[in-house]
Amino acid sequence: MLKRVNRLNAKVRLVSPKKVSTDYFLLKEAANNQSVSRFGFVVSKAIDKRATVRNKIKRAMRKYIEENLEKIHPGHDVLFIAKSKIRELKN
(Lines give C-alpha, C1' and ligand atoms only; values in the text may rest on other atoms or scores of the structure.)
Protein backbone atom coordinates (compact mmCIF):
# COMPACT_ATOMS: atom_id res chain seq x y z
CA MET A 1 0.00 0.00 0.00
CA LEU A 2 1.17 3.50 -0.76
CA LYS A 3 2.36 5.27 2.39
CA ARG A 4 0.05 7.93 3.79
CA VAL A 5 2.60 10.71 3.17
CA ASN A 6 2.55 9.80 -0.53
CA ARG A 7 -1.24 9.87 -0.88
CA LEU A 8 -2.96 12.91 -2.33
CA ASN A 9 -5.90 13.98 -0.18
CA ALA A 10 -9.19 14.47 -2.03
CA LYS A 11 -9.45 18.02 -0.65
CA VAL A 12 -6.21 19.13 -2.30
CA ARG A 13 -6.62 21.26 -5.41
CA LEU A 14 -3.78 21.40 -7.91
CA VAL A 15 -2.71 24.95 -8.72
CA SER A 16 -1.85 25.49 -12.39
CA PRO A 17 -1.25 21.80 -13.15
CA LYS A 18 0.65 20.59 -16.17
CA LYS A 19 -1.40 18.04 -18.11
CA VAL A 20 -0.21 15.01 -20.03
CA SER A 21 -2.66 12.78 -21.86
CA THR A 22 -2.14 9.20 -23.03
CA ASP A 23 -4.56 6.64 -24.44
CA TYR A 24 -5.05 5.17 -20.97
CA PHE A 25 -5.06 8.10 -18.55
CA LEU A 26 -4.80 11.84 -18.07
CA LEU A 27 -2.00 12.94 -15.74
CA LYS A 28 -2.10 16.27 -13.91
CA GLU A 29 1.06 17.40 -12.09
CA ALA A 30 1.81 20.44 -9.94
CA ALA A 31 4.60 21.40 -7.55
CA ASN A 32 3.71 21.04 -3.86
CA ASN A 33 6.78 22.63 -2.14
CA GLN A 34 7.16 19.57 0.13
CA SER A 35 9.88 16.97 0.53
CA VAL A 36 7.67 14.17 -0.82
CA SER A 37 5.58 13.57 -3.91
CA ARG A 38 1.91 12.72 -3.48
CA PHE A 39 -0.27 10.71 -5.84
CA GLY A 40 -4.02 10.42 -6.41
CA PHE A 41 -5.98 8.05 -8.62
CA VAL A 42 -9.43 8.59 -10.13
CA VAL A 43 -11.43 5.90 -11.91
CA SER A 44 -14.98 7.02 -12.66
CA LYS A 45 -18.12 4.96 -13.07
CA ALA A 46 -17.94 5.75 -16.78
CA ILE A 47 -15.02 3.28 -16.93
CA ASP A 48 -17.02 0.46 -15.32
CA LYS A 49 -20.07 0.39 -13.08
CA ARG A 50 -18.57 -2.31 -10.84
CA ALA A 51 -16.55 -1.05 -7.88
CA THR A 52 -14.38 -4.17 -7.93
CA VAL A 53 -13.18 -3.38 -11.45
CA ARG A 54 -12.52 0.27 -10.62
CA ASN A 55 -10.62 -0.71 -7.46
CA LYS A 56 -8.55 -3.24 -9.39
CA ILE A 57 -7.48 -0.52 -11.82
CA LYS A 58 -6.54 1.82 -8.95
CA ARG A 59 -4.57 -0.93 -7.19
CA ALA A 60 -2.61 -1.64 -10.38
CA MET A 61 -1.70 2.04 -10.79
CA ARG A 62 -0.73 2.35 -7.10
CA LYS A 63 1.44 -0.76 -7.33
CA TYR A 64 3.40 0.72 -10.21
CA ILE A 65 3.98 3.95 -8.28
CA GLU A 66 5.06 2.06 -5.15
CA GLU A 67 7.58 0.01 -7.11
CA ASN A 68 9.07 3.09 -8.77
CA LEU A 69 8.75 5.66 -5.98
CA GLU A 70 12.51 6.02 -5.46
CA LYS A 71 12.92 7.00 -9.14
CA ILE A 72 10.37 9.82 -8.88
CA HIS A 73 11.59 13.30 -7.93
CA PRO A 74 10.03 14.63 -4.69
CA GLY A 75 8.00 17.81 -4.45
CA HIS A 76 5.13 17.09 -6.83
CA ASP A 77 1.41 16.36 -6.59
CA VAL A 78 0.32 13.96 -9.31
CA LEU A 79 -3.24 12.99 -10.20
CA PHE A 80 -3.98 10.06 -12.54
CA ILE A 81 -7.43 10.10 -14.16
CA ALA A 82 -8.20 6.83 -15.93
CA LYS A 83 -9.73 6.75 -19.40
CA SER A 84 -12.04 4.00 -20.66
CA LYS A 85 -9.32 2.39 -22.81
CA ILE A 86 -7.48 1.37 -19.61
CA ARG A 87 -9.85 -1.63 -19.33
CA GLU A 88 -8.10 -3.16 -22.35
CA LEU A 89 -4.79 -3.47 -20.48
CA LYS A 90 -3.92 -6.77 -18.86
CA ASN A 91 -2.27 -7.02 -15.43
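Six or more apart or on different chains, Cβ atoms under 9 Å: show the pairs whose first residue is in the stretch 5-22 and under 20 Å from Glu66 (Cβ atoms) and whose second is among the aromatic types (Phe, Trp, Tyr). Filtered contacts from the stretch 5-22: Asn6/Phe39; Arg7/Phe39; Leu8/Phe39; Leu8/Phe41.
Among the residues of this structure, Ser35 counts as one that is of a type in the set (S, T, N, Q), over 12 Å from Phe80 (Cβ atoms), touching a residue at least 40 places away in the same chain (Cβ under 8 Å) and open to solvent by 80 Å² or more (accessible area, probe 1.4 Å).
The set of residues in the stretch 15-47 being among the charged types (D, E, K, R) and more than 14 Å from Leu89 (Cα to Cα) consists of Lys18, Lys19, Lys28, Glu29, Arg38, Lys45. Condition check for Leu14 on (1) in a helix (DSSP H, G or I); (2) surrounded by 14 or more Cβ atoms within 10 Å (Cβ to Cβ): one failure, at (1). Quick check on the stretch 38-60: of everything there that is open to solvent by less than 80 Å² (accessible area, probe 1.4 Å), in a helix (DSSP H, G or I) and not aliphatic (A, V, I, L, M), which residue is nearest to Arg87 (Cα to Cα)? Going through the qualifying residues, I end up with Arg54. Applying the criterion of being touching a strand residue (DSSP E or B) at 6+ places or on another chain (Cβ under 6 Å) and of a type in the set (D, E, K, R) to the residues of the stretch 17-32, the residue that is least open to solvent (accessible area, probe 1.4 Å) is Glu29.
The values are calculated or read from the model by the stated rules, or taken from the named source; none is laboratory data. Remember, it's a predicted structure, so these values are computed and weren't measured experimentally. Here Cβ is always computed from backbone atoms with ideal geometry, including for glycine, and neighbour counts include all displayed protein chains. Keep in mind that these areas ignore ligands, DNA and RNA; they rest on the heavy atoms of the full protein, side chains included. Shrake-Rupley method; radii C 1.70, N 1.55, O 1.52, S 1.80 Å.
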